[in-house]
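Some notes on the structure that comes next.
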Amino acid sequence: MRLQFSADAGGDFRLRLLPDPAKRGRPETREARSLVCSSDLQDDIYATAKPVPAGHGTLATGSKFTSLAKKRLNEYGGIIDQGDLRCCLFLTGTLPGSTVEATRALAMYSSWLTSRLGQWLRDRFPGVRYFGVWEYQKRGALHLHVCVRVTNLQEARLLRSLWKTRWIALLDYIGNKTKIDIFERKISGSWRDQRWRTRVDIQVVEKSVARYLSKYCSKSKDKLRRKAAYAPASWWFASQNLRDESKSLRIDYSAENLTLSDANTLFDRIGGFLASVGTSAYPLFNRFDHRQRGLICLGPPAVAGACTRAMKDLFSLLNPDLKYLANETLATVSRTKVIFDGLFLLPG
């Protein structure tokens, strides 16, 4: 049997008990095909135009806000929470117009807008981290929420003063590109000559980014997003440095070739430990195979770091070949005699 543990920066712990993976033989070798008459070697006389990517002038098809998106956003929020929250701002941008054409134009250039916004943030504030999510309102318009963390309080004050001007500039570009009045109201009139009326919001994160995210990742918002007539190319986005850091903090340990009794004992004791430190726990069972079980635990990001270190030590003892410590060499320990902090004791 195989015992597998995974965790991320958002405080999501997953423990799985699975059968050992089946061993596969070498794939059969095939002779290389002749490419003499292949079209890959022919020159294109008439070069075809590259299609415009969705969100850069065309509408997206089948855009969804999946459970993986929620998981990633929780990871990013957990990373940003680990620092001075006074340097973390939650920015909101609203579409001033209410016509169908204005709503469609914003959806057509949704990816371009988030790309230009990210480039502006990186140019103005070196070392910035940000992620955002689109919200679909009942009136049918898209609504942008961006969580930004800068390096100091001076940059935070500067960002607060520049946000409204930058948001209006992005809307102006979309209007000029599509020849659509992005400020036109559905009933009558337009806000084009009164752009200062464009609604934006700037909030300083006081307690936790997760509290802000829970509102925009709720089931009620999911139902609204499914009804979107003009969906963005992607419902969420994040800076590359935040993606890389989140990826580096994801861990996945496994111990293979365990007997069924030892694996069950370890699963019960590790699962009880994770359930005690987490805020909530959800057991999983495979009704087609009684040997396969799972446990999902959610906890604060601070607890995630402690559990990650504990699981590192435990799985290093179960797998002596793992060399994860730079300045320390682990001795070979029999997997049938593992004592870890007085919690795990397997029968000899």
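We did not get these values from a lab; they are worked out from the coordinates using the rules stated. Quick caveat: nothing in here was measured; it's all calculated off a predicted structure. Positions of Cβ are backbone-derived with ideal geometry, glycine not excepted, and every protein chain shown enters the neighbour counts.
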- Item | TRP112, TRP196 arranged by Cβ crowding within 10 Å, fewest neighbours leading | TRP196, TRP112
- Task: Give the value in nm², to one decimal: projected area of the alpha carbon convex hull of the range 45-143, averaged over all directions.
- Result: 9.8
- Can you check how the C-alpha radius of gyration of the range 129-271 compares to 2.2 N^0.38 Å, as a plain ratio? 1.52
- Message: Among the listed pairs LYS71/LYS179; LYS207/LYS227; LYS186/LYS223; LYS215/LYS247; LYS138/LYS179; LYS164/LYS221, which have their C-alpha atoms separated by more than 27 angstrom in this model?
- Response: LYS71/LYS179; LYS207/LYS227
- Item | Which of CYS88, CYS217 has the fewest Cβ neighbours within 10 Å, and the rest in rising order | CYS217, CYS88
